[in-house]
Amino acid sequence: MKNIILITHGRFADGIIDSVKIIMGKLTNAKIDKITITSNETILLVSKLLEEKISSFNNDYPTIIFTDIAGGSTTQIAIKCLQNHGKQLLYLITGLNLALLLE
């Protein structure tokens, strides 16, 4: 099983999760959650949300964090989070798109 967190600007994560469910149906081999960023959230708040999402998963399984823009604020937040988790299996993939997530 995989734990997946999408961090995107606006409602991109909502739309891509809906698309995955249309194509694949109910996800049985992954748990997926999202963080959507608007102009109202601070970096500190998003970092805290990401830490809470990671903690909410079963940490016996790897957690894959997908961000929408390489080098963007979503990715910078995820990189800082990765540095704070030593032995936990965390992966970061940037450039989120539907085909990538389906794989």
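With 44, 6, 50 as the choices, which residue is surrounded by 12 or more Cβ atoms within 10 Å (Cβ to Cβ) and not in a strand (DSSP E or B)?
50
Please count how many residues of the stretch 20-41 are without any contact (Cβ under 8 Å) to a residue 24 or more places away in the chain and either assigned to a helix (DSSP H, G or I) or in contact with a Lys or Arg (Cβ under 8 Å, 6 or more places away or on another chain) (or both).
So the count comes out to 3.
Can you confirm whether residue 86 is at pLDDT 90 or above and of a type outside the set (D, E, K, R)?
Criteria not met by residue 86.
Against the definition (open to solvent by less than 30 Å² (accessible area, probe 1.4 Å), outside any strand (DSSP E or B) and more than 19 Å from residue 77 (Cβ to Cβ)), how does residue 17 come out, yes or no?
Criteria met by residue 17.
Does residue 38 satisfy the condition of being touching a strand residue (DSSP E or B) at 6+ places or on another chain (Cβ under 6 Å) and among the polar types (S, T, N, Q)?
No; evaluated as a whole, the condition is false for this residue.
Identify, from the list 91, 61, the residue that is open to solvent by less than 90 Å² (accessible area, probe 1.4 Å) and in contact (Cβ under 8 Å) with a residue 12 or more places away in the chain.
Answer to the check: 61.
The values are calculated or read from the model by the stated rules, or taken from the named source; none is laboratory data. The structure displayed is predicted, hence computed values, not measured ones. All Cβ positions, even for glycine, are placed from backbone atoms using ideal geometry, and neighbour counts span all protein chains on display. Each accessible area value is taken on the protein alone, full model and side chains, heavy atoms only, with ligands, DNA and RNA left out. Shrake-Rupley method; radii C 1.70, N 1.55, O 1.52, S 1.80 Å.
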